[in-house]
Amino acid sequence: MRTLIDIQKLNLFYGEFHALKNVSLTIPEKAITAFIGPSGCGKSTLLRTLNRMNDMIPGTRIEGGLSIGGTEIYSNEVDVETLRKKVGMVFQQPNPFPKSIYDNIAYGPRLHGTTSKKELDDIVEKSLRQAALWDEVKDHLKRSALSISGGQQQRLCIARALAVNPDILLMDEATSALDPISTLKIEELAQELKSEYTIVMVTHNMHQAARVSNQTVFFLNGEVVEYSDTEKLFSNPSDQRTEDYISGRFG
């Protein structure tokens, strides 16, 4: 698989706190890569470096290299808004805008200059279909997005991210607030979407990582302990710390 994201000797500091330590990874395109590890290990911090969300935290300092598609994303020439269009993100809690279902999806395309109603209609339908939500909401597009269930809201947030045609979809514990049936729908959706998008997910649920990801990265204390094919990492880990974590000895 072709490498899309190349991270080389990345260090991240929040003030004096050294949150990521010499992280080096290559992440392939059109696959699902899972980040696992105990709370505070750096997995969400690394995820947020991929669309420069950490820029919003005062005192953040980054050293090392991080390129996407060959472009160094922390270069001064990179437009952050364009980067975030290409690297969409879905958060732990569903966060639809207090607007209609339709306007949630159309918001991003409108922001980037799409004004044609026909074009917006097509984008809304395509995005909701990709998020496996169209059949459930197609007759209620003018309803408030806040009126649908939590699982539907999370799929709406995925559709909203897809509406601006990203290359990468980041999922930061995107199912942890959902019931088991909604979680399964999101997992099935991720499996379908990886044929078109590169997906990087943070999950506290090791069973989820084992079920849906192609590669898994195990983090501990801001460092990458192990990175391999998911099946190998869970069945035959190379590092004793990985085995201790996935067998429940700590974490």
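Please treat every number below as a calculation from the coordinates, not as lab data. Just so it is clear, the model here is predicted, and its values are computed rather than measured. Neighbour counts are summed over all protein chains in view; Cβ atoms, including those assigned to glycine, are modelled from backbone coordinates with ideal geometry.
Collect the residues in region 202-232 that are of a type in the set (A, V, I, L, M, F, W, C) and out of contact with any Phe, Trp or Tyr (no Cβ under 7 Å at 6 or more places or on another chain), keeping them in residue-number order.
M206, A209, V212, L220, V224
So which residues in region 129-164 are among the polar types (S, T, N, Q) and either touching a residue at least 60 places away in the same chain (Cβ under 8 Å) or in contact with a Leu (Cβ under 6 Å, 6 or more places away or on another chain) (or both), if there are any at all?
Within region 129-164, Q130, Q154 qualify.
Residues that are among the polar types (S, T, N, Q) and surrounded by 16 or more Cβ atoms within 10 Å (Cβ to Cβ): list the strands (runs of 3 or more DSSP E) wholly contained in region 178-251 that include at least 2 such residues.
215-220
Could you please let me know if L156 is in a helix (DSSP H, G or I), under 18 Å from the mean Cα position of the chain (by Cα), closer than 26 Å to H112 by Cα and of a type outside the set (S, T, Y)?
yes
Let me spell it out: the conditions are (1) of a type in the set (A, V, I, L, M); (2) outside any helix (DSSP H, G or I); (3) without any contact (Cβ under 8 Å) to a residue 60 or more places away in the chain, and L170 meets all of them except one. Which number is the exception?
(3)
Which count do you get for residues in region 125-148 that are closer than 21 Å to E188 by Cα and over 21 Å from the mean Cα position of the chain (by Cα)?
Total meeting the criteria: 7.
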